[in-house]
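Report on the following structure.
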Amino acid sequence: MPISAPTHSPRVLLWLVAIGFFMQTLDGTIVNTALPSMARNLGESPLRMQMVVVAYALTMAALIPASGWLSDRFGTQRVFFGAIVLFTLGSAACAASTQLDQLVAARVLQGAGGAMLLPVGRLTVLRAIPREKFLDAMSFVAIPGLIGPLIGPTLGGWIVETLSWHWIFLINLPVGIIGALATLRWMPNLRGSDLQRFDLSGYLLLTGSMLAISISMDGLSSLGLRQVTVLVLLLGGLAALAAYWLHALKHPAPLFSPRLFEMQSFRVGLLGNLFARIGSSAMPYLIPLTMQLSMGYSPAQAGMLMLPVAMASMVMKRSTTRIIKRFGYRKVLAGNTLLLGALMASFALMSPEQPLWLRVLQMACFGAVNSMQFTAMNTVTLKDLDAARASSGNGMLSMVQMLSMSLGVTVAAALLALFQGWFGTPDPREALNAFRATFACIGLITAWTAWIFWQLSDETGKPATPAHDAGEPS
């Protein structure tokens, strides 16, 4: 519970948080479009560039658990300002990279800053805006945040063809400077009233578990690890996760309290977020690669074809709240997840001979359904959190989002490598069948998640009060 209240305009605060969302979404969408060009410049295979995306998302997932405690300890303004500065410095380091290892290391630095932007900004709005206005506030924040995906792919493709991929990181610098100055002027420095000692042991167990599991999943397809090493990492990660749960049960102030899972809406929403986002995170990685490597599109053309996704997502944001209030979370999430999985699997039917209007329609439908999915499952996860558990629950949701982004790209890359081996097509330009099989599997994984959301209770499905939208930026 905050011990101070914001003294500045709530509208300005929402725009400021949207700047942080904008920086993240712009960076992510530009990178996905530019991966093939990066690979050529760095002398790498374009199908082994997933670590550029995974390193960023995994770093964010590992550091997000500390964001709530840092905000409570130092205040939201100071942490948000430091996050923007670190993100901007990381962007500069990415632009200066000349080798893949250097680029991955710079993405880790960039992810360290990005880890604080999303959760701290969302936590500030959660604390500063009255609960009855929270859903509308986060919907407002989400729309400016969607400008990044709207211009990112097209801008990234144009920059790659006109200048070089280095400039996709350099454009973050002026945005970062403006955001840092605005933070000092308008961000309220809210703190928690009951600051506890940081659970360092639990943090090490949890982050160690995430890192071990993620690296084990990427070990065979990208890192070239031996099977026994992958197995040891996987078992070690699962053991660390179990150890954390036992630790949290007896610790007086754990990093994430097991009491959070007493709320059915949070329990189901978090689990659904974890698995549904694997597919949603795999698609922005797979689609630009497929278009450029197997369908003959240039970076600019591939970027332009991602515009319908972002535009349909923005249009859908305002309608999602009304649809949820009319039909309830249970029906919306279960039905929308099945539809989303089917749309993802439909990308397996792509071919270079299909007309452009069909591709645009397919992209727009995916963007609209994906947007509703993000808003609905974020909202149902956070809506029942009281003030005392807002920081912890918000941090756990943000961590799961970034972990799922990392796992989504890792799973997509692993499936792509597997199907390439089956079809015997090492040349990515002849690997359309491998991409098609990967899309089909990703769609099935996502559709299965509908069963998780169907476990929501009828009371959760039809809330009596407005729900909380997490303001998904991607």
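Normalised per residue, the accessible area of the chain is 39 Å², obtained with a 1.4 Å probe and no contribution from ligands, DNA or RNA.
Extending 7 Å from Cα along the Cβ direction at residue 92 and again at residue 184 yields two label points whose distance is 1.5 nm.
Just tell me the longest site-free run in the chain, where the sites are trypsin sites (Lys or Arg not before Pro) in a DSSP loop having at most 12 other beta-carbon atoms within 10 Å.
227-474
To the nearest 10 Å², what's residue 19's accessible area with a 1.4 Å probe? Ignoring ligands and nucleic acids, residue 19 comes out at about 50 Å².
Roughly speaking, to the nearest percent, how much of the chain's 1.4 Å accessible area is carbon and sulfur?
On the way: 12390 of 18420 Å².
Its accessible area is 67 percent carbon and sulfur atoms.
Per-residue surface analysis assigns residue 261 an accessible area of about 50 Å², computed on protein heavy atoms at 1.4 Å probe radius. Within the shell defined by Cβ-Cβ distances under 10 Å, the residues around residue 413 carry a net charge of 0, with Lys and Arg each +1 and Asp and Glu each -1.
From largest accessible area down, sort 165, 245; use a 1.4 Å probe on the protein chains.
Details: 165 10, 245 110 Å².
Putting 165, 245 in descending order of accessible area: 245, 165.
Accessible area per residue was computed with a 1.4 Å probe on protein heavy atoms; residue 363 scores about 0 Å². Listed values for segment 257-273 are Karplus-derived 3J(HN,Hα) couplings in whole Hz (6.51 cos²θ - 1.76 cosθ + 1.60, θ = phi - 60°), namely 6, x, 5, 4, 7, 5, 7, 4, 5, 5, 4, 5, x, 5, 5, x, 4, and x replaces Gly and Pro.
Given the rule -39500 (n - 2.57) for each run of at least 4 DSSP H residues, summed and divided by the residues of the chain, what is its mean residue ellipticity at 222 nm, to the nearest 500 deg cm²/dmol? Don't jump to the answer; show the numbers that get you there.
Numbers: 20 runs with 358 residues, N = 474.
Result for the chain, helices only: -25500 deg cm²/dmol.
Using a Förster radius of 41 Å, what is the FRET efficiency between residue 173 and residue 457 based on their Cβ-Cβ separation? Nearest 0.05, please. Working from the Cβ atoms, E equals 0.30. Using a/c under 1.5 as the rounded threshold, could you call segment 14-68 rounded, prolate or oblate? The axes a ≥ b ≥ c are square roots of the C-alpha gyration tensor eigenvalues, and prolate needs a/b larger than b/c, oblate otherwise. It is oblate, given that a/c is not under 1.5 and a/b is not larger than b/c. Computed from Cα atoms, the angle from the helix 172-186 axis to the main principal axis of the chain rounds to 10 degrees.
The values are calculated or read from the model by the stated rules, or taken from the named source; none is laboratory data. In this text, all values refer to a predicted model and were calculated from it rather than measured experimentally. Cβ atoms come from the backbone with ideal geometry, glycine included; neighbour counts cover every protein chain shown. For accessibility, only protein heavy atoms count, side chains too; no ligands or nucleic acids. Shrake-Rupley method; radii C 1.70, N 1.55, O 1.52, S 1.80 Å.
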